[in-house]
1. Is it the case, given these coordinates, that residue 41 is in a helix (DSSP H, G or I), buried (at least 17 other Cβ atoms within 10 Å of the Cβ) and more than 16 Å from the chain's Cα centre (by Cα)?
2. Considering only the range 58-78, I want to know if a residue exists there that is within 22 Å of residue 151 (Cβ to Cβ), surrounded by 12 or more Cβ atoms within 10 Å (Cβ to Cβ) and out of contact with any strand residue (DSSP E or B) (no Cβ under 6 Å at 6 or more places or on another chain).
3. Name the pairs whose Cβ atoms lie under 8 Å apart, with the first residue in the range 17-30 and within 13 Å of residue 98 (Cα to Cα), the second modelled with pLDDT under 95 and exposed (fewer than 13 other Cβ atoms within 10 Å of the Cβ), and 6 or more positions between them or separate chains?
4. Quick one: which residue in 15, 29 is out of contact with any strand residue (DSSP E or B) (no Cβ under 6 Å at 6 or more places or on another chain) and closer than 29 Å to residue 155 by Cβ?
5. Cβ contacts < 6 Å: first residue at negative phi and at pLDDT 80 or above, restricted to the range 52-70; second residue in a helix (DSSP H, G or I) and surrounded by 14 or more Cβ atoms within 10 Å (Cβ to Cβ), any location; separation 6+ or different chain. Result?
6. Note down all Cβ pairs under 8 Å where the first residue falls in the range 81-95 and is farther than 16 Å from residue 48 by Cβ, the second is in a helix (DSSP H, G or I) and at pLDDT below 90, and they're at least six residues apart or on different chains.
7. Scan the range 7-16 and tell me whether some residue there is part of a loop (DSSP other than H, G, I, E, B) and surrounded by fewer than 17 Cβ atoms within 10 Å (Cβ to Cβ).
């Protein structure tokens, strides 16, 4: 496939670069002035990690399915939402960052892979997976996934948790 990075050293460098960007966003969160409203700090941290993930995702998927501006803002939007939600529970930049990442992934998986009927990313549209037995087994993951969401909602519903 055209555009896929096959060089393991280059892939390692790119991976280290993405992990470094996560640390850079944490460092950004640590230098945001304390007098800013906590929600604004959460928004900035969440938006920043969302942009970093969108860039990494565009690089990863773009070489296979092409770049799409319509998809690009999903991660920044849900990262910002996750950052604002997390800022209602903590002002620690590390926890806001981690909660924003987790929230962003949960919202993206729920809204674009579970609730949208027959949603298949472009890179998988014509692919029949090699492990067909997992198509039938995936129902086993519904309960843990639902429990994760129930726990998320319960934790978010109490400001002092």
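1. Working: in a helix (DSSP H, G or I): yes; buried (at least 17 other Cβ atoms within 10 Å of the Cβ): yes; more than 16 Å from the chain's Cα centre (by Cα): yes.
Criteria met by residue 41.
2. Keep residues of the range 58-78 that are within 22 Å of residue 151 (Cβ to Cβ), which gives 78.
Narrowing further to those that are surrounded by 12 or more Cβ atoms within 10 Å (Cβ to Cβ): 78.
Narrowing the set further to residues that are out of contact with any strand residue (DSSP E or B) (no Cβ under 6 Å at 6 or more places or on another chain) leaves 78.
For the range 58-78, residues within 22 Å of residue 151 (Cβ to Cβ), surrounded by 12 or more Cβ atoms within 10 Å (Cβ to Cβ) and out of contact with any strand residue (DSSP E or B) (no Cβ under 6 Å at 6 or more places or on another chain): present.
3. 26/94; 29/94
4. Values: 15 fails: closer than 29 Å to residue 155 by Cβ.
Only one candidate qualifies: 29.
5. 52/21; 53/75; 54/75; 54/76; 56/18
6. 88/156; 89/155; 89/156
7. First, pick out the residues of the range 7-16 that are part of a loop (DSSP other than H, G, I, E, B): 7.
If we keep only those that are surrounded by fewer than 17 Cβ atoms within 10 Å (Cβ to Cβ) as well, we get 7.
Yes, that holds for at least one residue.
For every residue, the table says whether it meets (1) over 16 Å from residue 108 (Cβ atoms); (2) part of a helix (DSSP H, G or I).
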{"residue": "47", "(1), (2)": "no, yes"}
{"residue": "51", "(1), (2)": "no, yes"}
{"residue": "55", "(1), (2)": "no, yes"}
{"residue": "62", "(1), (2)": "yes, yes"}
{"residue": "67", "(1), (2)": "yes, no"}
{"residue": "70", "(1), (2)": "no, no"}
{"residue": "76", "(1), (2)": "no, yes"}
{"residue": "79", "(1), (2)": "no, yes"}
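The values are calculated or read from the model by the stated rules, or taken from the named source; none is laboratory data. What you see is a predicted model, and the numbers here were worked out from it, not measured in a lab. Counting neighbours? That spans all protein chains shown, and the Cβs are built from the backbone with ideal geometry, glycine included.
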